[in-house]
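The values are calculated or read from the model by the stated rules, or taken from the named source; none is laboratory data. Treat the numbers as computed from the prediction; the structure is a model and nothing was measured. Please note: Cβ atoms are built from the backbone with ideal geometry, for glycine as well, and neighbour counts cover all protein chains shown. Side chains are part of the model used for accessible areas, which takes the heavy atoms of the whole protein and leaves out ligands, DNA and RNA. Shrake-Rupley method; radii C 1.70, N 1.55, O 1.52, S 1.80 Å.
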Amino acid sequence: MQIQKNASLLGYNSFGINAKAEELLTVEHSSEIHELIEKHLSTVNKHLFLGGGNNIVFVGDFQGLVVCMANKGIHKVGEDTDSVFVEAEAGEVWDDFVWQCLEKQWYGLENLVAIPSSIGAAAVQNIGAYGVEAKDFIHQVRAYNITDGTEKIFSNTDCRFGYRDSLFKHCYGRYLIASITFRLQKTPKLNLSYTAVNQCLAKNNMDNPTPKQLAQCIADLRWSKLPKPEAMGSVGSFFKNPVVTATHYETLKERYPDIVAYPAGDGYKLAAGWMIEKSGWKGRALGRAGVYEKQALVLVNLGGCDGYDVVRLANAVTADVESMFGVRLQPEAILIRNY
């Protein structure tokens, strides 16, 4: 493992922000993790574990060690009557993994195609789309405690998964995820709970879709609304969809009959993109950052954008939505600030 000094992070984050890392190190194999902890992490005051950088916004340069996880490998490690257990290394590309599983007839992740992420980051963020979350199929997570180098296996319950949330997000940097084991289905059980998915299938005359057909339909849906990373910098959905009480929802429903919301426990999950669009931000820019013209939930790099541009735009959008709806949006993206 070779440490790069004063390294550009431009190619390590999907927003395309040209921040710098004081030090940058890439882990190619899980066998290097003990050396990483003993020789490198023990000597730095500040560190950051990075997968694909698909949900990271660098606000300023990073004064510390950035560790990029690039370890690869996908292995079937067990099975039972209904399921197959598949271990994927943290540095694997999420979308590649999903399609490989489909090729091998391991099912369940069809609704999670076309999400820019690494395997390790998928557990930290508990990525989700169209009625499915990563937690629904994560069996266990293998990680290392960087304080003493001990390996720990986290069960699904141990991970404390929530909406775009996990234990690892709350103790960011304490555990280094090495791999994740998924429990996938031998027989497909397709999740067709979203209207948009059914409309896409109907448009393509797919009354009884195969898992691959469903995955392709969802990929088409996502890329019709989101910019491809190679075309425009972004982190996908920048904000979480907020959950409000039933009383708050009913009040908003009276004022905005066309409000988009879904039942969530005792309350309702509001469509943040709808509120942002309603507040007039869709397609608008503030400096070098903008709100994507096809999906208001997405903030984009209009060219030469830095993290401060993103924060200014996010704060302006948040303020207007709160003023209009009495709801304060929270970022789904992780802001890495220089302090």
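Of note:
- Average accessible surface area per residue within segment 137-278, 1.4 Å rolling probe, Å²: 52 Å²
- Equivalent ellipsoid of segment 110-169: semi-axes from √(5λ) of the C-alpha gyration tensor, largest first, are 22, 11, 9 Å.
- Two-site label geometry, Trp223 and Leu192: point separation in nm, points 7 Å out along Cα→Cβ: 2.4 nm
- For a modelled paramagnetic label at Ala264, 7 Å from Cα along Cα-to-Cβ, the residues of segment 113-149 in reach, with backbone nitrogen under 20 Å, are 122-137.
- Were the residues from Asn145 through Arg328 laid out at 0.36 nm apart, the gain over their Cα-Cα distance would be 62.4 nm.
- Calculated [222 nm] ellipticity per residue, helices only, for the chain: -7000 deg cm²/dmol; basis is -39500 (n - 2.57) per DSSP H run with n ≥ 4, divided by all residues, nearest 500.
- Most to least packed among 305-317, 72-84 [average Cβ atoms within 10 Å]: 305-317, 72-84
- Nitroxide proxy distance, nm - points 7 Å out along Cα→Cβ at Glu32 and Asp82: 4.0 nm
- Cα gyration tensor category, rounded, prolate or oblate, for segment 264-309 with a/c compared to 1.5: prolate
- Segment 203-339: C-alpha gyration tensor shape, a/c 1.5 cut-off, then a/b vs b/c: oblate
- Heavy-atom accessible surface of the chain: percent carbon and sulfur, 1.4 Å: 46 percent
- Couplings for segment 257-269, taken from phi via the Karplus curve 6.51 cos²θ - 1.76 cosθ + 1.60 with θ = phi - 60°, read x, 8, 4, 9, 8, 9, x, 9, x, 8, x, 9, 8 Hz in order; Gly and Pro are left as x.
- Inter-part distance where segment 1-48 and segment 178-248 are each reduced to a Cα centre, Å: 32 Å
- For segment 63-79, the Karplus equation 6.51 cos²θ - 1.76 cosθ + 1.60, evaluated at θ = phi - 60°, returns couplings of 8, x, 9, 9, 10, 9, 8, 10, 6, 10, x, 9, 9, 6, 10, x, 6 Hz by residue, with Gly and Pro reported as x.
- Using θ = phi - 60° and Karplus 6.51 cos²θ - 1.76 cosθ + 1.60, couplings along segment 240-253 (whole Hz; Gly, Pro as x): 7, 7, x, 9, 10, 5, 4, 5, 4, 4, 4, 4, 5, 5
- Placing +1 on each Lys and Arg Cβ and -1 on each Asp and Glu Cβ, with no other charges, gives the chain a dipole about its Cα centre of roughly 660 debye.
- Other-chain or far-sequence residues with amide H under 5 Å of Ala178's (modelled H): Arg142, Ala143, Tyr144
- Gyration tensor (alpha-carbon) shape descriptor, segment 1-103, a/c threshold 1.5: oblate
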